Each structure stands twice: as C-alpha cells, then as structure tokens.
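The values are calculated or read from the model by the stated rules, or taken from the named source; none is laboratory data. These figures come from a predicted structure and were not determined experimentally. Here Cβ is always computed from backbone atoms with ideal geometry, including for glycine, and neighbour counts include all displayed protein chains.
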Amino acid sequence: MHLSRYFLPILRETPKEAEIVSHRLMLRAGLIRQQAAGIYSWLPLGKRVMANIERIVREEQDRAGAIEILMPTIQPADLWRESGRYDDYGKEMLRIGDRHGRDMLFGPTNEEMVTDIFRTYVSSYRALPLNLYHIQWKFRDEVRPRFGVMRGREFLMKDAYSFDVDDEGARRSYNRMFVAYLRTFSRMGLTAIPMRAETGPIGGQLSHEFLVLAETGESGVYCDANILQLKVPGEDVDYDRDLRPLIEPWTSYYAATEDVHEVERFEREVPAGRQVATRGIEVGQIFNFGTKYSLPMKTTVLGPNGVERPIHGGSYGIGVSRLVGAIIEASHDDAGIVWPDSVAPFAVGLINLKVGDPAVDAAAGGLHDSLTKAGISVLYDDLDQRAGAKFATMDLIGLPWQVIVGPRGIEQGEVEIKRRATGARETLGLDAVMNRLAGERKP
RNA sequence: CGGAGUGUAGCGCAGCCUGGUAGCGCACCUGCUUCGGGAGCAGGGGGCCGCAGGUUCAAAUCCUGCCACUCCGACCA
C-alpha cells in the first residue's frame, strides 16, 4: 500500500479529551474518530487491527468447536419480556420503536435470541453439546463511557453460547472456552490471567474474567507470581479430552481483582517473594449459568430416557474492540504504539528517504512490489517529506518492522532494517531483506 | 445519577474579567530553497466564536435557558 494513496490521518497534537495512553495513541495514529460519547468510527488502520484480532478470536473459537453464526443488532422486545430481562436491564438498554409501534432494542447481548434459535431447531440430546458464537456490535448505554474504545457504548464483541444436556456437560463446554481464551489472548502477545468472578446480571454460579496485565490498566490485580510463568496450551490441544488438568494450574494460584481481593488470604497463601500487585484490563468473561434462561424460555431437549429436560447453558464474551485499546495499553513506548506481530495493521513500514531520486525510488518501489507479492503486508511511505517526519509517523503507528531505503545505502545496494519493539537495526543487502522478513513474519 | 470542568478553523490554544472589524501555532494550498530523526522564506484558503433567547447603538465577551463533550465517584466486554 502506498501511503500517498492511503487514508492515514495522523495528529501531531493530542486531542484534549483523551486522558489515557491508548486513547491518545489511537486518535493520534489515526485509528479511530469519535462521533459521540462512547461511539467511534474505525479508520483504515484501526479497522485492519480489529480485523486481525477478530481473525485470531475466530480461529480459536473454531478450533475449540464453537460454530459461527451472525445475529442482528436490532432485536424484538418480546424475547426479552419472555426471559424477564426487559424490565431488569434498565436504562443501559437502548430501546427503539419501529414505525408500527413495535418495541425493539439494540442488543446489549444475545442470550435470549440464541436461545430462541436453539429451541426452534434442536430437540434431542444427541445434537449436544453445541456452542454457537457470533462477532457483532453491541450497544450498552453506559452511564459514563470513557477511556476511548475501552469503555464505549457501542462495541464489537465475540459472544458464544453453549448448550448441554446436564451440568457435567456444561462444565466441559466451559472448560473448552477457558482454554480457548488462554490461547486467544496469548496469540495477541498479551499476558491474560483468569480470575474467579462475580456473575452479575448474566447470572449463574461459575464465572471467570480474563484480565490483561498493563501498568495503565483500570483494575488493581493481586496474584501469585507463579501464575505469570504458566505455559499456555499449544495449538495441538485436544478439546475432546478432559481439560481439567490443563486448567487446574491456572485456577489453583491466588489471583484476584481489587474488589474481591482478600488481603489476609493473599498474605497467608502467597509467599512474600511471589506476591504481585499490578494492574489489568478485563477483556473477556465466561459464565456457566445453568438453567437460568432455559427454564423461563422453555428450552428443553429429550434425554436418552425420553424425558424432556432443560438445557444447561453458558455464555462467553470477548471485547474485540476493547482489545485494540488493551493491546496498546500493554504495548507502547514514548514514541507510539508497538504492535505485536499478530495484530499489526501492516507487517512492514517501508520508508523512502528521498522521493524523486531515481535509484531510491526504484529500490523502494521494487521492495514494495516483492514484499506484496510474497504476501507480506507493507505500508510504503512514498511521501515527499523530511526523514524526521517519516520516522516519527512510523514509530507512532508501530508497525513491527521498518525498512529504510535512502540514497546513502543504495549506493552500496544496502538498506537498513529496524525492529520497532527493540529498536535493533541492521544493514542488509537488497536481496537479503526478503529472506530476513519472510523468516521473521510468523504470527 | 451526584460532583467538577470545557465548548472560538481539522488539532492544540489565546481573546471574555474591562462589549467596538476574530487571532496565534500546527495541519492544508501555491512558489522557491532545503532534505538520513517532526525544515526555512514568501504568499494564500478555511470560522453561524456549541444552540436559542435577552440586555445594548453594538455581544465570542454581559444575563437566562438548553445542548454536547471531558474528568472524578457508583456500574460494566
């Protein structure tokens, strides 16, 4: 992609409404544009990052056996009256009337709708377990949206819903999502810790929330240092086997957010040298809520003995748009964003230091073409600007690699290559660049 | 929803107290010179001063009401 033909509105100064670092950097690097409190347009660079996050989430959901569907953003109120949540949900729910005076709402979540789909088509225990998910925009009319996309009113969420014939099956489904979540966040370059959580308005008895560690996170986190060393299950994990041994280490060490933190227990259970107090951002939560929705919504299947029984459900959310902010909170420096390879909007930023110089133009243009042909996404800065401005822009938008082509090096047939995260530079021959990048690019 | 604050060009701000032709920096356009870490000079375009009402010969400025946005608290992917 040629920068001269792209749409990348960089801001040199920070808009004053942005208080936290991810919000500032998202506005400055041209990822988002605020349209109203907690409501954002996604500009090209932000859109690409979110698409990468979505892709990883999707791959891990699929791997864990969940099946993708897509439900609408607008829902009829009747379903919510049936579950009893139409009145419970309160002002957070955006209520809309259509032209016929029918009560509609912009979905804040989809338990009711997915249950409706399920009960229409599934009536036998033999079709279970089933886990349906979608990645769709939600709207929750938060009293106080803030922190940019970290707490917007409109946000993109992956929500999965599991259906099982009994509690034992529901726990297996829960465990599959537990492992999938560990893998998902790890692939995005994040350290995420699962923590025992309150179930809140979704209800149920078992729940964990996943906190991404970041110095600038909004919740205080207390945990045992050992949990930070645990190895995340590999992509060969067998989701059909008993996953409890994989999960047990993660749930056995002390880990709590500040609102449920027990100082005495922490002091007693965790040796002084391993007591970690840090901060985190909630990016996912999983629930096992049993029959909370299946009873009022009459969702049953026939068991092996021919007797109808209510299904046991769970729901599993990941804040996709929030993750964009969370990743930046966890990975940035004074100069700007430092994208993990797997979610970066482009793999390579290619800088032409002297636009108009035939030798430099030819070398940079050639690199752009061969990188693109090799399937390596590249943003080619072909603007006639000073070097300082180009470097500042590239550092700000945080692409993993910078390839710098200038007249000095080109005389020797050499370019410079810089790793954004470490600042490490090396000088390579033109031909060597391709091999170097091809080898390093594995997400 | 309680408390605090801010609305003036795309972004950052001054002007308001003490009413009198709407300004500065960045960004943008034109030209020339520059060019390996945010260039210099010259010229130029862009504003219902958040909205409505009032006071006044005259309102960005004073008064009243409303709206929007931000921050702190209680709630949340």
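Residues considered: A:260, A:270. Of these, the only one that is more than 16 Å from RNA strand B (Cβ to nearest atom), of a type in the set (Val, Ile, Thr) and in contact (Cβ under 8 Å) with a residue 12 or more places away in the chain is A:270. Cβ separations smaller than 9 Å between residues 6+ apart or across chains give the following pairs from segment A:1-27 residues that are without any contact (Cβ under 8 Å) to a residue 40 or more places away in the chain to residues that are more than 12 Å from RNA strand B (Cβ to nearest atom) and not in a loop (DSSP other than H, G, I, E, B): A:7/A:44; A:7/A:45.
If you check A:408, A:419 for being more than 30 Å from residue A:149 (Cα to Cα) and of a type outside the set (Gly, Ala, Ser), only one passes: A:408. When every residue of segment A:30-47 is checked against the conditions, at least one turns out to be within 19 Å of residue A:395 (Cβ to Cβ) and within 11 Å of RNA strand B (Cβ to nearest atom). Residue A:316 meets all of the listed conditions (1) among the hydroxyl-bearing types (Ser, Thr, Tyr); (2) assigned to a loop (DSSP other than H, G, I, E, B); (3) touching a Ser or Thr at 6+ places or on another chain (Cβ under 8 Å); (4) modelled with pLDDT of 95 or more but one, namely (2).
Restricting attention to segment A:186-198 and to residues that are under 17 Å from residue A:215 (Cβ atoms) and not small (Gly, Ala, Ser), the residue that is surrounded by the most Cβ atoms within 10 Å (Cβ to Cβ) turns out to be A:193. Against the definition (over 22 Å from residue A:206 (Cβ atoms) and modelled with pLDDT of 95 or more), how does residue A:327 come out, yes or no? Considered against the rule, which asks whether it is over 22 Å from residue A:206 (Cβ atoms) and modelled with pLDDT of 95 or more, residue A:327 comes out as yes.
Considering segment A:365-391 alone, what residues qualify as being loosely packed, with under 14 Cβ neighbours inside 10 Å and either within 16 Å of RNA strand B (Cβ to nearest atom) or among the aliphatic types (A, V, I, L, M) (or both)?
The answer is A:366, A:374, A:384, A:386, A:387, A:388, A:389.
Mind listing just one residue for me: the one in segment A:397-409 that is outside any strand (DSSP E or B) and near RNA strand B (Cβ under 6 Å from one of its atoms) and, of those, nearest to residue A:23 (Cα to Cα)?
Step by step, filter segment A:397-409, then rank; the result is A:406.
Within segment A:414-443, the residues that satisfy the criterion of being farther than 19 Å from residue A:374 by Cα and without any contact (Cβ under 8 Å) to a residue 40 or more places away in the chain are A:414, A:416, A:418, A:419, A:422, A:423, A:424, A:425, A:426, A:427.
Set side by side, the residues A:4, A:22 differ, and just one is of a type in the set (Ser, Thr, Tyr) and either more than 12 Å from RNA strand B (Cβ to nearest atom) or surrounded by 15 or more Cβ atoms within 10 Å (Cβ to Cβ) (or both), which is A:22. The lone criterion from (1) closer than 20 Å to residue A:181 by Cβ; (2) exposed (fewer than 15 other Cβ atoms within 10 Å of the Cβ) left unmet by residue A:271 is number (1). Residues in segment A:1-46 that are more than 19 Å from the chain's Cα centre (by Cα), hydroxyl-bearing (Ser, Thr, Tyr) and assigned to a helix (DSSP H, G or I): 1 in all. Taking the listed residues A:340, A:407, A:358, the one that is touching a residue at least 24 places away in the same chain (Cβ under 8 Å) and over 34 Å from the mean Cα position of the chain (by Cα) is A:407, with no other qualifying. When each of A:293, A:239 is tested for being within 30 Å of residue A:118 (Cα to Cα) and surrounded by 19 or more Cβ atoms within 10 Å (Cβ to Cβ), the lone residue that passes is A:293. For segment A:115-145, taking the residues that are in contact with a strand residue (DSSP E or B) (Cβ under 8 Å, 6 or more places away or on another chain), under 24 Å from residue A:290 (Cα atoms) and of a type in the set (Phe, Trp, Tyr), the one that is surrounded by the fewest Cβ atoms within 10 Å (Cβ to Cβ) is identified as A:125. One residue is enough: does segment A:192-209 have a residue meeting the conditions more than 16 Å from RNA strand B (Cβ to nearest atom) and in a helix (DSSP H, G or I)? Looking through segment A:192-209, none of the residues is more than 16 Å from RNA strand B (Cβ to nearest atom) and in a helix (DSSP H, G or I).
Checked against (1) at pLDDT 95 or above; (2) outside any helix (DSSP H, G or I); (3) away from RNA strand B (no atom under 15 Å from the Cβ), residue A:351 passes all but condition (3).
Here residue A:65 fits the description: surrounded by fewer than 18 Cβ atoms within 10 Å (Cβ to Cβ), touching a strand residue (DSSP E or B) at 6+ places or on another chain (Cβ under 7 Å) and small (Gly, Ala, Ser).
Test residue A:187 against the stated conditions and say whether it is more than 23 Å from residue A:277 (Cα to Cα), out of contact with any Leu (no Cβ under 9 Å at 6 or more places or on another chain) and modelled with pLDDT of 95 or more.
Yes, satisfied.
Just give me the residues in segment A:410-435 being small (Gly, Ala, Ser) and within 11 Å of RNA strand B (Cβ to nearest atom), in sequence order. Residue satisfying the conditions is A:423 alone.
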